[in-house]
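Heads up, the thing below is written out as structure tokens.
The values are calculated or read from the model by the stated rules, or taken from the named source; none is laboratory data. Note that the structure is predicted; figures quoted are calculated from it, not measured. Using ideal geometry, Cβ is built from the backbone for each residue, glycine included, and neighbour counts are taken over all protein chains shown.
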Amino acid sequence: MNVPIRMLGIATSIFWVILIAFIASAAYSLKDLSLGFGEPQFTAPSHDLRFSLPIYIDNRGYYSLKSFNISTVFSDPEGLEISRASTFVPIIPQGQRATIFHNVTLSMDNLLEKDEQYLFNDNNLMASVTAGINFAELLPVQLSMNTTYPWGAPFYNFTLGQPTYNSFNITHGRITVPASFENHAAFDLVGDMRVELYDSADSLMGESQTALNVPQYSPYTGNLDFYVPLNPASLSAAQSGHFSVYFSTLFFEYGPVVIPYG
């Protein structure tokens with residue numbers, strides 16, 4: 001009976017030696033694993049803002065990587081969920097490189113339904129990120145972190161100045177309104193801005209439409225022109241009132257935004 005027991009002990013010892021060596025070699029080969037991130041890309045399918053993050057994995061280790069997964073949850077500063085996304089790759093074989101695109105979609109329409117200030121004020125979105133991978137089918141690793149994603153407002157510091165009245169021809173006058181803002185968003189702002197001008201009696205005096213093509217992180221200044229009948233009543237009424245502003249871009253449509261003047 002001693003011989004079988006001794007052989008079982010030897011086999012068990014050999015098994016543990018092999019297992020420890022396997023774990024050690026797997027852990028050692030982690031040094032040959034490289035991970036990198038590319039420049040985020042932004043697209044606008046159907047009024048959604050799609051954030052695509054390239055992830056580069058170069059597996060030069062001794063073993064395959066399995067069940068790579070990454071998930072993100074975006075929420076507003078009050079903790080309300082805005083978007084959830086996940087990406088899964090079954091296997092990254094040993095000795096191969098892989099490019100993985102993790103796509104997160106933010107609905108601009110839903111975001112603006114929560115608060116129109118996302119148009120005009122910079123803010124921080126909360127991001128919860130969880131990533132996991134199974135190394136050599138033996139070493140599952142999972143990491144979680146919470147971070148903030150800076151949100152840049154596309155119409156930061158949006159301002160419409162006081163209207164000025166000038167004669168245009170014998171029947172109409174021209175009301176000029178200066179407009180300015182800064183595009184703090186991570187995307188180019190392409191579309192139209194339509195502004196309706198109302199007098200102090202809430203009567204529509206005219207409207208002006210301007211094409212926008214403002215690169216990301218760039219300022220905009222321009223003038224809006226409204227043509228109204230040339231008479232003392234229209235001149236007097238234009239001293240105070242309000243603007244109704246409508247935005248139509250590749251990423252969203254929103255309005256009216258009511259801005260008083262005078």
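Descriptive notes on the structure:
- Which listed residue, of Glu81, Glu113, is touching a Ser or Thr at 6+ places or on another chain (Cβ under 6 Å) and free of Cβ contacts under 8 Å to residues at least 12 places away in the same chain: Glu81
- When Asn134, Asn110, Asn166, Asn124 are checked against the criterion of being over 30 Å from Leu65 (Cα atoms) and in contact with a Lys or Arg (Cβ under 8 Å, 6 or more places away or on another chain), Asn166 stands alone in meeting it.
- Restricting attention to the stretch 115-136, the residues that are assigned to a strand (DSSP E or B) and either of a type in the set (Gly, Ala, Ser) or over 30 Å from Glu253 (Cβ atoms) (or both) total 9.
- Test set (1) at pLDDT 80 or above; (2) in the same structural domain as Val245 (by TED's automatic domain parsing) - Thr130 fails condition number: (2)
- Filter result for Asp192 (touching a Ser or Thr at 6+ places or on another chain (Cβ under 8 Å), in a strand (DSSP E or B), farther than 24 Å from His47 by Cα and without any contact (Cβ under 8 Å) to a residue 60 or more places away in the chain): no
- Every residue from the stretch 142-186 that is hydrophobic (A, V, I, L, M, F, W, C) and in contact with a Pro (Cβ under 8 Å, 6 or more places away or on another chain): Leu160, Ile175, Val177, Phe181, Ala185, Ala186
- Residues (outside any strand (DSSP E or B), out of contact with any Leu (no Cβ under 6 Å at 6 or more places or on another chain) and hydrophobic (A, V, I, L, M, F, W, C)) located in the stretch 67-114: Leu80, Leu111, Leu112
- The listed residues are Met108, Met145, and the only one of them that is over 27 Å from Tyr261 (Cβ atoms) and loosely packed, with under 15 Cβ neighbours inside 10 Å turns out to be Met145.
- Between Ser248, Ser208, the distinction of being touching a Lys or Arg at 6+ places or on another chain (Cβ under 8 Å) and surrounded by 18 or more Cβ atoms within 10 Å (Cβ to Cβ) belongs to Ser208 only.
- A residue that is outside the structural domain of Ser200 (by TED's automatic domain parsing), of a type in the set (D, E, K, R), within 30 Å of Gly222 (Cβ to Cβ) and at pLDDT 85 or above occurs nowhere in the stretch 77-91.
- Number of the exception - Asn166 against (1) surrounded by fewer than 16 Cβ atoms within 10 Å (Cβ to Cβ); (2) over 30 Å from Ser240 (Cβ atoms); (3) not hydroxyl-bearing (Ser, Thr, Tyr): (2)
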